[in-house]
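Engineer: Here it is: the structure, laid out below.
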Amino acid sequence: MRIDIVFDTVCPWCFIGKHRLEQALALRPGVKAELRWRPFLLNPDLPPEGMDRDSYLERKFGSSYRIQRIQGAAQQAGESEGITFAFERMTRTPNSVQSHRLIQWAGAYGALQTDLVEAVFRAYFEEGRDISELAVLVLLAEQVGLPAREALDHLQSSDGWAEIEDQNARMHRLGVTGVPCYILDDRYAVSGAQEPDMLARLIDIARETEPERVSTR
């Protein structure tokens, strides 16, 4: 089964949703899932250097009460998933394109791509690191077993920029308006950081209605 996860690296609910999907797959040990991470830019107009986080939050959400309520909900949900959000350590909201470029490049290395997604999430949300900085991204790539020199070469090149923009535009054309969004075998989709049992039921529906495959043997 192929599962496309439409996400942004600066979305706390995408981090939560990743862990819940992993729990759902653990509930269905017989399912062999191929995870594909698809970029969705929540802040496409953010400058390349990002911006001060307090200014960003005030512009996006308005009152401090609303900001606290939104962050509190994510923190509470994260605790049950083994995630410790450290919003107080986050001083900037980064432009996420560079992190998406690296993650898409890592797709050639199989499961290491998902490991990198986890590392990027943890670096940003638990350590407050700027995931638009090349040095941070290359270090994360190296930590999960990816070739650091090749990662740096990719990030310093022009490769991948257009692909991120194209995929982001494609997801909008498909009707994706919020993330995370899970697309199973290009036939079923659900948005939001759904609970593991809900995702497991969706996996069951996709398996039960899977088109009959014609053997080539």
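Engineer: Looking only at the range 57-70, which residues are assigned to a helix (DSSP H, G or I) and surrounded by fewer than 18 Cβ atoms within 10 Å (Cβ to Cβ)?
Structural biologist: If the condition is that a residue be assigned to a helix (DSSP H, G or I) and surrounded by fewer than 18 Cβ atoms within 10 Å (Cβ to Cβ), then GLU58, ARG59, LYS60, PHE61, SER64, TYR65, ARG66, ILE67, GLN68, ARG69, ILE70 are the ones that fit.
Engineer: Further question on the same structure: Go through the range 94-113 residue by residue and tally those that are outside any helix (DSSP H, G or I) and touching a strand residue (DSSP E or B) at 6+ places or on another chain (Cβ under 6 Å).
Structural biologist: Of the residues in the range 94-113, 0 are outside any helix (DSSP H, G or I) and touching a strand residue (DSSP E or B) at 6+ places or on another chain (Cβ under 6 Å).
Engineer: Can I ask one more? Sort through ARG36, ARG53, ARG2 and tell me the only one that's basic (Lys, Arg), surrounded by fewer than 22 Cβ atoms within 10 Å (Cβ to Cβ), over 19 Å from ASP115 (Cα atoms) and in contact (Cβ under 8 Å) with a residue 40 or more places away in the chain.
Structural biologist: Going through ARG36, ARG53, ARG2 in turn, just one is basic (Lys, Arg), surrounded by fewer than 22 Cβ atoms within 10 Å (Cβ to Cβ), over 19 Å from ASP115 (Cα atoms) and in contact (Cβ under 8 Å) with a residue 40 or more places away in the chain: ARG53.
Engineer: Okay, next question. Any residue at all in the range 19-28 that is aliphatic (A, V, I, L, M), more than 23 Å from ASP204 (Cα to Cα), in contact with a helix residue (DSSP H, G or I) (Cβ under 8 Å, 6 or more places away or on another chain) and touching a residue at least 12 places away in the same chain (Cβ under 8 Å)?
Structural biologist: no
Engineer: Working only within the range 52-70, note down all residues that are of a type in the set (A, V, I, L, M) and more than 21 Å from ILE131 (Cα to Cα).
Structural biologist: ILE67, ILE70 - these are the residues of the range 52-70 that are of a type in the set (A, V, I, L, M) and more than 21 Å from ILE131 (Cα to Cα).
Engineer: Is it fair to say GLU163 is of a type in the set (D, E, K, R), more than 16 Å from LEU25 (Cα to Cα), at pLDDT 95 or above and touching a helix residue (DSSP H, G or I) at 6+ places or on another chain (Cβ under 7 Å)?
Structural biologist: Yes, satisfied.
Engineer: Being part of a loop (DSSP other than H, G, I, E, B) and among the charged types (D, E, K, R) is the filter; apply it to the range 11-54 and report the residue that is farthest from ALA73 (Cα to Cα).
Structural biologist: It comes out as LYS32.
Engineer: Under the condition of being polar (S, T, N, Q) and surrounded by 15 or more Cβ atoms within 10 Å (Cβ to Cβ), which residue from the range 71-80 is farthest from PHE121 (Cα to Cα)?
Structural biologist: Taking the candidates together, the pick is GLN71.
Engineer: Output the residues belonging to the range 189-198 that are out of contact with any strand residue (DSSP E or B) (no Cβ under 8 Å at 6 or more places or on another chain) and either crowded, with 17+ Cβ neighbours inside 10 Å or at pLDDT below 95 (or both).
Structural biologist: Scanning the range 189-198 gives ALA193, PRO196.
The values are calculated or read from the model by the stated rules, or taken from the named source; none is laboratory data. In this text, all values refer to a predicted model and were calculated from it rather than measured experimentally. When we count neighbours, we look across all protein chains shown, and the Cβ atoms used for this are built from the backbone with ideal geometry, even at glycine.
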